[in-house]
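Step one of this worksheet: look at the structure below.
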Amino acid sequence: MTLKILYWFPRILAILSILFMLMFSLDSFGGDNPPGKQILGFLMHNIPVFVLIIVLVITWKREIIGGALFIIAFFALGIFFKSFSGNTASLLIIAPFLVAGAMFILHDVLSSRSKQ
């Protein structure tokens, strides 16, 4: 039962966190800009989201590598959002990636032990 929870919880957490970040990019569709600039702004805002989706796909097959990539993504987003030097509120947005990464690694370790 615990392994099943450790299997699904980080995946759902990562998906919801990615969707939450995606939601913030919808503000690029407001204003007086032409539609081409709005779409370009939307795509530029979503570059971190696209990277995180790729990491999630990798994680689905290789949990330990993907878990490490999620932890690296946490630190990269922390530097990008300046979370560690004054913008501590952004830690609420990126902290789920650290938790999900740790849980992916934990699930991989525990499942490999139970197979032995």
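Read the figures in this text as sums done on the coordinates, not as results from a lab. What you see is a predicted model; the values in this text were computed from it and never measured. When we count neighbours, we look across all protein chains shown, and the Cβ atoms used for this are built from the backbone with ideal geometry, even at glycine.
A few comments on the model shown:
- Helices (runs of 4 or more DSSP H) fully within region 1-81 that include at least 1 residues being among the polar types (S, T, N, Q): 2-24, 35-45, 47-61.
- Every test in (1) part of a helix (DSSP H, G or I); (2) in contact with a Gly (Cβ under 9 Å, 6 or more places away or on another chain); (3) surrounded by 13 or more Cβ atoms within 10 Å (Cβ to Cβ) is passed by Phe84 save one, and that test is (3).
- Search result, residues across region 73-93 that are closer than 15 Å to Val51 by Cα and in contact (Cβ under 8 Å) with a residue 24 or more places away in the chain: Ala73, Phe74, Leu77, Phe80
- Listed conditions (1) surrounded by 12 or more Cβ atoms within 10 Å (Cβ to Cβ); (2) closer than 28 Å to Ile5 by Cα; (3) small (Gly, Ala, Ser) are all met by Ser114, apart from (1).
- Residue count for region 1-50 under the criterion of being surrounded by 15 or more Cβ atoms within 10 Å (Cβ to Cβ) and within 13 Å of the chain's Cα centre (by Cα): the result is 11.
- Members of region 1-54 that are among the acidic types (Asp, Glu) and farther than 26 Å from Ala76 by Cβ: Asp32
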